[in-house]
1. Only one residue in 204, 188, 211, 141 is on the phi > 0 side of the Ramachandran plot and either outside the structural domain of residue 125 (by TED's automatic domain parsing) or loosely packed, with under 13 Cβ neighbours inside 10 Å (or both). Which one?
2. Suppose we keep only residues that are assigned to a helix (DSSP H, G or I) and free of Cβ contacts under 8 Å to residues at least 12 places away in the same chain within the stretch 145-204. Which one would you say is nearest to the chain's Cα centre (by Cα)?
3. Test residue 147 against the stated conditions and say whether it is touching a strand residue (DSSP E or B) at 6+ places or on another chain (Cβ under 8 Å), at pLDDT 90 or above and either within 20 Å of residue 51 (Cβ to Cβ) or surrounded by 17 or more Cβ atoms within 10 Å (Cβ to Cβ) (or both).
4. So which helices (runs of 4 or more DSSP H) stay within the stretch 43-109 end to end and still have 1 or more residues that are within 30 Å of residue 209 (Cα to Cα)?
5. State which residue pairs qualify: first residue at positive phi and inside the stretch 80-105, second residue modelled with pLDDT of 90 or more and not in a helix (DSSP H, G or I) in any location, beta carbons under 7 Å apart, and separation of 6 or more residues or different chains.
6. On the basis of being assigned to a helix (DSSP H, G or I), in contact with a strand residue (DSSP E or B) (Cβ under 8 Å, 6 or more places away or on another chain), assigned by TED's automatic domain parsing to the domain that holds residue 156 and modelled with pLDDT of 50 or more, does residue 37 make the cut?
7. Filter the stretch 126-139 down to residues that are touching a residue at least 60 places away in the same chain (Cβ under 8 Å) and in a helix (DSSP H, G or I) and give me whichever is farthest from residue 99 (Cα to Cα).
8. Checking residue 120 against (1) at pLDDT below 85; (2) surrounded by 14 or more Cβ atoms within 10 Å (Cβ to Cβ); (3) in a helix (DSSP H, G or I), which test does it fail?
């Protein structure tokens, strides 16, 4: 979606992160990010929005799915969905695949596998994801981004080199970031005071707020 260019990430206070990754903007998709990258941070900070912005900036298709969508009661459904997703991605490459809440399927495995019910299906799904990621190179034109609030519980197999080996922190906005978000939301409204002044005051009253909190 061309709407999700890097310019829109200011809506969630992510422009500072955009500037840190500025070098990747003019590069081809295979050089934009590694084969896989984790977008880590609290809920509501704009991880999905940032992933869409990357695809919008690169001008490539964007495929999004939640990790929980892979987990089913029926044996074989999860791995099948993983295969179908990556088959479509390869067919339409270059593209970006975004897996939100990847911890739903990528939690650490103990000696006996996953804890809790549905162990075999969850582990088979994770294994299929690992196989798919190992099956292509940066020149394939498929970049996989994943969002998580709990990077500490992810299986080490996911974060090893050649998979999700880069972590990008998407944190809550600072004072200046909150001010800019308020400016976006206040723009166009009829106000007694200047938008800049009101946005500054509101930013000072909302420490710890994520972009989604301010939007609401």
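The values are calculated or read from the model by the stated rules, or taken from the named source; none is laboratory data. Keep in mind that what you see is a predicted model, and the values were worked out from it rather than measured. Quick reminder, even Gly has a Cβ in these numbers, built from the backbone with ideal geometry, and neighbours come from all protein chains shown.
1. Details: 204 fails: on the phi > 0 side of the Ramachandran plot; 211 fails: on the phi > 0 side of the Ramachandran plot; 141 fails: either outside the structural domain of residue 125 (by TED's automatic domain parsing) or loosely packed, with under 13 Cβ neighbours inside 10 Å (or both).
Answer to the check: 188.
2. First, the residues of the stretch 145-204 that are assigned to a helix (DSSP H, G or I): 151-153, 156-159, 175-186, 195-204.
Next cut, free of Cβ contacts under 8 Å to residues at least 12 places away in the same chain only: 152, 197, 201.
On the way: 152: 16, 197: 32, 201: 30 Å.
The residue in question is 152.
3. Working: touching a strand residue (DSSP E or B) at 6+ places or on another chain (Cβ under 8 Å): yes; at pLDDT 90 or above: yes; either within 20 Å of residue 51 (Cβ to Cβ) or surrounded by 17 or more Cβ atoms within 10 Å (Cβ to Cβ) (or both): yes.
Yes, satisfied.
4. Numbers: elements: 47-58, 77-91, 103-106.
In the stretch 43-109, 47-58, 103-106 are the helices (runs of 4 or more DSSP H) which contain 1 or more residues that are within 30 Å of residue 209 (Cα to Cα).
5. Cβ pairs passing all conditions: 101/66; 101/147; 101/148.
6. Working: assigned to a helix (DSSP H, G or I): no; in contact with a strand residue (DSSP E or B) (Cβ under 8 Å, 6 or more places away or on another chain): yes; assigned by TED's automatic domain parsing to the domain that holds residue 156: yes; modelled with pLDDT of 50 or more: yes.
The answer is no for residue 37.
7. Of the residues in the stretch 126-139, the ones touching a residue at least 60 places away in the same chain (Cβ under 8 Å) are 133, 136-139.
The next check asks that each one be in a helix (DSSP H, G or I); those that pass are 133, 138-139.
Values: 133: 13, 138: 18, 139: 20 Å.
Among them, the one singled out is 139.
8. Of the numbered conditions (1) at pLDDT below 85; (2) surrounded by 14 or more Cβ atoms within 10 Å (Cβ to Cβ); (3) in a helix (DSSP H, G or I), the odd one out for residue 120 is (2).
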